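Below is one structure; the comments refer to it alone.
We did not get these values from a lab; they are worked out from the coordinates using the rules stated. The shown structure was predicted, so the numbers you read here are calculated from the model rather than taken from an experiment. Heads up, the Cβs are rebuilt from the backbone with ideal geometry, glycines too, and the neighbour counts pull from every protein chain shown.
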Amino acid sequence: MDQKLIQGALTYGRRFVRYGKTASYIPELASKNPSKLGVAVCDLEGNILTAGDSEEKFTMQSISKLIALILALEQNSYDDVFCKVGLEPTGDSFSSTVRLDHLTNNKPFNPMINAGAIAVTSTIRGASLEERKTVCINFARKLLGSSKLDVDYEVFLSEARTGFKNRAIIYLMRSNGIIEGNCEEHLELYFMLCSLACTCRDLAVFAATLANNGVNPITGETVIPLRTVKLVRSLMVTCGMYDYSGEFAATVGMPSKSGVGGGIISCPIGKCGIAVYGPSLDEKGNSTGGLKMLEYLSENMELNMF
Ligand code: GLN
């Protein structure tokens, strides 16, 4: 790894920050500074290089869909999870409802869109909502190897108050028999996962763990079973970048997951973990500067898996 390269990615990414804007549908995210930009790369020996605003905290948003899925698969059988959600990309935006009300099959298409992640979250177990929240936070801390990881309550409340589309999605799935139990509690857990606050450095370690077949490169501990890692990485390739996943695979070629908080993680298999942050988003919800930094790193570090 080369610090000059990481710095080069940042300089390149900065040129594109002005072409986007912060997520406006979650009021607390709308007020973030759109010019922030950071990057962290963790190699498989656990060495981390950073540039820019890599210590800035931001909320994971859809990146947490990976954590929800990994936890759900730890607590439930494969069939218990995948009777509620499919494994196919949609080509639609992440909060779309158009494919949720079919005559034959109402399952959300995959765990990386809101509907699918909400269905996955509904399978996360615990005796009470409070216990389920604690289980999720502790699990996220273990996966990211960061004991300080916590919820950004401003963002959580902001989304909980305004998440009407997600409410529509969960009640539609409830009426179609996909969701069981208390919808408001499942939603609260989903919003809490989206509001987990982290830094590029934290996420780079998580990404490197995925690239390293589930073994945290810093502690040497296996935190994700290999079967789950393979499934998660495949979903990152086909569905991780919303309705830009196909073009991203074709041009950048790394398993990746994006969030509307401005973060994106990439886990080129057997190579390294990358996390970028820039809250200025394009019209599909991907960080403008973040995308360009990934493009730059893929090209210059030869990380394209295809
Ligand atoms: N919390 C956001 C939502 O549910 C996450 C979406 C995203 O990051 N794409 O709408």
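Stretched out straight at 0.36 nm per residue, the stretch from residue 147 to residue 75 would grow longer than its current Cα-Cα span by 23.8 nm. By the rule of a C-alpha distance below 20 Å, with chain neighbours fewer than 8 residues away ignored, the aspartates and glutamates paired with residue 230 are 43, 74, 79, 80, 88, 221.
Modelled spin-label separation between residue 300 and residue 184, with each label point placed 7 Å from Cα along the Cα-to-Cβ direction: 5.1 nm. Counted residue by residue at 0.36 nm each, then reduced by the alpha carbon distance between them, the extension gain from residue 88 to residue 55 reaches 8.4 nm.
Cα centroids of the stretch 13-33 and the stretch 187-208: how far apart, whole angstrom? Using only Cα atoms to place each centre, the spacing works out to 18 Å.
The stretch 91-121 and the stretch 230-260 have Cα centres separated by 17 Å. Of all the options 37, 193, 231, the one that moves most in a Gaussian network model of the chain with Cα springs shorter than 10 angstrom is 231.
Evaluate Rg over Rh across the chain, taking Cα atoms for both radii and Kirkwood's formula for Rh.
Expressed as Rg/Rh, it is 0.94.
Computed over neighbours whose Cβ is under 12 Å from that of residue 278, the net charge equals +4, Lys and Arg +1, Asp and Glu -1. Charged side chains reduced to their Cβ positions (Lys and Arg at +1, Asp and Glu at -1) give the chain a dipole of some 240 debye around its Cα centre.
Dipole check for the stretch 168-289: with +1 at the C-beta of Lys and Arg, -1 at the C-beta of Asp and Glu, and the Cα centre as origin, the magnitude is about 500 Debye.
Using a cut-off of 12 Å between beta-carbons, work out the net charge of the residues near residue 217 (Lys and Arg +1, Asp and Glu -1, residue 217 not included).
On the way: positive: 271; negative: 43, 45, 221.
So the environment of residue 217 carries a net charge of -2.
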